[in-house]
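Notes to accompany the following structure.
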Amino acid sequence: MIAVPIPRSDEPTTTTKPLTLSTTPLLLCEQVSKWYGPVRGVLQVTLELRSGLTGLVGANGAGKTTLIRLITGQALPDVGRVLVGGHDARSTSARRLVGYCPDVDAFYEEMSGRQFIEAMARLCGYSGAESRRRAGAMLEKVGMTGRAERKLRGYSKGMRQRIKLAQALLHDPPLLVLDEPMSGIDPVGRAEFVTLFKELAAMGKCLLISSHELDELEKLTDHVVIMSHGRVAAADTVPRIRERLIEVPTTIRIDVTRGTNGDDHRRFAAMLMSRLLDLTALEASEPSEEIGRLLVRTRTPRHFLEEVNRLVLEEWFEIVHLKPVDESTQAVLGMLLARRR
Amino acid sequence: MAELNPVLLRYRGWRGSLSDNGATVTVLFGLGQFALLGLAAILTGYIQLATLTLFMLNFSLVVRSRAWPVARIAIEQLFCRRLFWGLYGLSLTVFLMYFFGQYLMSWAQNQLGESEVRVGAVGKVNPKWLLDFLRNALKFNGSAEMFRNFFWYETNSVMITLALSGSVLIGNDLRHGSLSFYLSKPLERWHYLLGKGLAVTGFLNLFTTLPAIVLFVQFGLLESWDYFADHSQLLFGIVAYGLVLSIHLTVILLALASWLRNTVPLVMAWMTLFAFAQGVSSALVDGLHYSPRWRLVDMWNCTFLIGNHLLSVPSEAIRPAPQPPVGEAALVLGLVGFLCLTLLILRVRAVEVVS
């Protein structure tokens, strides 16, 4: 395990509504485990969130949804405890602090979008007039005002996502737990959602966003919680996680100028192999007449890069491009998952 | 002679000095005790009353702010289903039959001087015969039997609606995951069930108790003001019967719906309890002449029997006969209600949104 708590002091803290929970973490999971009979949901998860945007990523069955259910008080942990604003996550006081956007589309199809949002507002305890006011405001916020009178059964996937988000925002909760909120939304809608999430984070709200689409999460936030086999495999910013993974086997692509003889890249490869004994794979190709490409897999990336530097300076090889092919969070996730297996 | 103990002397002296008015002191002491006890009782009573009032206030607040929004969604759902409109139409037809039947009876009463009157498509009939038919055969006479029959007809269609609505109200929430929307809001699990129960109760009373009260008022207005005074017990019976039906059917429906989520098993269980059991008990008692206690396996008959008792219907007017004692029917209903409530509580405690 790389890290557990996420320090959020570097996040913007311009709040429109001052949080009285500054000393208490908004979300605290302490050694939480949950089993469904013999099946492990989550195991010894410890997590602390205060504000800002946090991504929750992991493969199918990694335990994301179980963790979200525990946080939103819909499931009871077998071991450990989940506190929201210092209250047990299952208590009414805790649920007042949480806005939840589920991944399921289980609406009452015969209702219109507005009726559904108003009904959800009444469930929050608002009067009829206040429910209508809040429903109107939230529908506007998610860009559904013009389509609010249509029946839910006629909504597209994207519209449904917007309605689910609107109902989560109704009671202005400081903690928003969003399960796959951008799934099925068109690119324009995604951009709007990203802006909205960033606005909410800037207002001091804490957002925990679960997604399979890591590229989308990276547009939103650097902070990620990576889950694997029910555990938190890593929880930090992507660069920090990457930094910690520096000694993890990595595949690197090197484009070398082929030179006058046309085989400089092969000579470079031969020298690398003689100097570095830990190369597990090396593949050479010629994508063009000028460029020779090497695909190298090393167990010690730091040492490898130092040797490449030395070699270039000593032998005057011309490196056009050097890049780890697994730079993205997807690769980080893949590595982490592979490590834990 | 031994010397007297000075303490004893002092004691004797004390007794001696109060010996003349000792009885007065005793009485005063006793009255003081009673006064203190009374004061304590009043204070305790006030405290209990205050606690009860607070509880009721809190409960009504919870119902209004937490359970009612859930009930409202449930009622909207029940009225949105087109499938149910046929059943609502049936209930409305029964009510209208009784409602206009009373006007027809009133009209026939005014036509008693005539030998024949024309009644729409039926043709010409003797008003006396018509009046007898309405009063004695159809029991449009404002009696307990009329309201008993009205409840019987109405509950037939309501029971079918309830059988189908169980999965709509609760089963679908559990099956499709709509429960997430409720449980992620500041609601307790029992608020959710209370809301659903409130919806079932409201729905049931809308088709049974409320129209029965309307008929009671209508009959009083058509007959005479004395009807209200003479039949006040009947109004109590109507409300009590509605209450028994509401509580009993709501608890059973909620318990079944929370354990059997799909429509088909729920309808099957419901039909077993209220239709199959009726057939079995009828076959045993009426066919094989077993003890009338076998009718106790039929929940519907138990409620019907209690309803008859509450409406003060004479026992010889209860069909089918013979019937078991009312007390036993009440005991069976109580036990079944308790069992269902226990199952419901277990379910509420265990409920987790797990797909």
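Every listed requirement among (1) over 13 Å from A:Cys29 (Cβ atoms); (2) open to solvent by 40 Å² or more (accessible area, probe 1.4 Å) is met by A:Leu53 save one, (2).
Looking across the range B:218-235 at every residue that is free of Cβ contacts under 8 Å to residues at least 60 places away in the same chain and open to solvent by 60 Å² or more (accessible area, probe 1.4 Å), the one that is nearest to the chain's Cα centre (by Cα) is identified as B:Leu235. Figure legend. Inter-residue proximity from the range A:68-95: first residues within 10 Å of chain B (Cβ to nearest Cβ), second residues surrounded by fewer than 24 Cβ atoms within 10 Å (Cβ to Cβ) and β-branched (Val, Ile, Thr), beta-carbon distance below 8 Å, spacing 6+ or different chains. Indicated pairs: A:Arg69/B:Val353; A:Arg69/B:Val354; A:Gln74/B:Val353; A:Ala75/B:Val353; A:Ala75/B:Val354. Only one of the numbered conditions (1) within 16 Å of B:Phe181 (Cα to Cα); (2) open to solvent by 10 Å² or more (accessible area, probe 1.4 Å); (3) more than 13 Å from every other protein chain (Cβ to nearest Cβ) is not met by A:Gln44, and that is (1). Selection of first residues in the range A:162-190 that are under 17 Å from A:Leu56 (Cβ atoms) and away from chain B (no Cβ under 12 Å) and of second residues that are surrounded by 17 or more Cβ atoms within 10 Å (Cβ to Cβ) and among the acidic types (Asp, Glu), restricted to Cβ pairs under 8 Å at least 6 apart or on distinct chains, gives the following pairs, ordered by first then second residue: A:Glu180/A:Asp103; A:Met182/A:Glu216; A:Ser183/A:Asp103. Restricted to the range B:148-187, and to residues there that are more than 14 Å from every other protein chain (Cβ to nearest Cβ) and touching a Gly at 6+ places or on another chain (Cβ under 7 Å), the residue that is farthest from A:Gln74 (Cα to Cα) is B:Arg148.
Across the range A:119-130, which residue is farthest from the other protein chains (Cβ to nearest Cβ) among those that are over 10 Å from B:Pro69 (Cβ atoms) and at pLDDT 90 or above? Only one residue fits best here, namely A:Ala129. Report yes if B:Val62 is under 30 Å from B:Gly195 (Cα atoms) and within 14 Å of another protein chain (Cβ to nearest Cβ), otherwise no. Against the criterion (under 30 Å from B:Gly195 (Cα atoms) and within 14 Å of another protein chain (Cβ to nearest Cβ)), B:Val62 qualifies. Of all the numbered requirements in (1) under 30 Å from B:Trp300 (Cα atoms); (2) in contact with a Lys or Arg (Cβ under 7 Å, 6 or more places away or on another chain), B:Gly166 misses one, and that requirement is (2).
Scanning the range A:101-118 for residues that are more than 9 Å from every other protein chain (Cβ to nearest Cβ), among the aliphatic types (A, V, I, L, M) and open to solvent by 10 Å² or more (accessible area, probe 1.4 Å) yields a total of 0. Across the range B:198-217, a minimum of one residue is classified as of a type in the set (A, V, I, L, M, F, W, C), within 14 Å of chain A (Cβ to nearest Cβ) and either touching a Leu at 6+ places or on another chain (Cβ under 8 Å) or closer than 29 Å to B:Trp85 by Cβ (or both).
Looking only at the range A:74-84, how many residues end up being at pLDDT below 90 and surrounded by 22 or more Cβ atoms within 10 Å (Cβ to Cβ)?
2
Does B:Leu222 fit the bill of being over 26 Å from B:Gly327 (Cα atoms), of a type outside the set (Asp, Glu) and part of a helix (DSSP H, G or I)? Against the criterion (over 26 Å from B:Gly327 (Cα atoms), of a type outside the set (Asp, Glu) and part of a helix (DSSP H, G or I)), B:Leu222 qualifies.
For the range B:282-307, give me each residue that is out of contact with any Pro (no Cβ under 9 Å at 6 or more places or on another chain) and either within 22 Å of B:Val244 (Cα to Cα) or open to solvent by less than 60 Å² (accessible area, probe 1.4 Å) (or both). Correct list: B:Ala283, B:Leu284, B:Gly287, B:Val297, B:Asp298, B:Met299, B:Trp300, B:Thr303, B:Phe304, B:Ile306, B:Gly307. Only one of the listed residues (B:Leu104, B:Leu90) is touching a Ser or Thr at 6+ places or on another chain (Cβ under 8 Å), surrounded by 11 or more Cβ atoms within 10 Å (Cβ to Cβ) and touching a residue at least 24 places away in the same chain (Cβ under 8 Å). That residue is B:Leu90. Candidates are the residues of the range B:74-87 that are in contact (Cβ under 8 Å) with a residue 24 or more places away in the chain and surrounded by 15 or more Cβ atoms within 10 Å (Cβ to Cβ); the one that is nearest to the other protein chains (Cβ to nearest Cβ) is B:Gln77. Set side by side, the residues A:Lys157, A:Lys151 differ, and just one is in contact with a Gly (Cβ under 7 Å, 6 or more places away or on another chain), surrounded by fewer than 16 Cβ atoms within 10 Å (Cβ to Cβ) and of a type in the set (Lys, Arg), which is A:Lys157.
The values are calculated or read from the model by the stated rules, or taken from the named source; none is laboratory data. Since this is a predicted model, take the numbers as computed values, not measurements. Heads up, the Cβs are rebuilt from the backbone with ideal geometry, glycines too, and the neighbour counts pull from every protein chain shown. Accessible surface areas use protein heavy atoms only, side chains included; no ligands, DNA or RNA. Shrake-Rupley method; radii C 1.70, N 1.55, O 1.52, S 1.80 Å.
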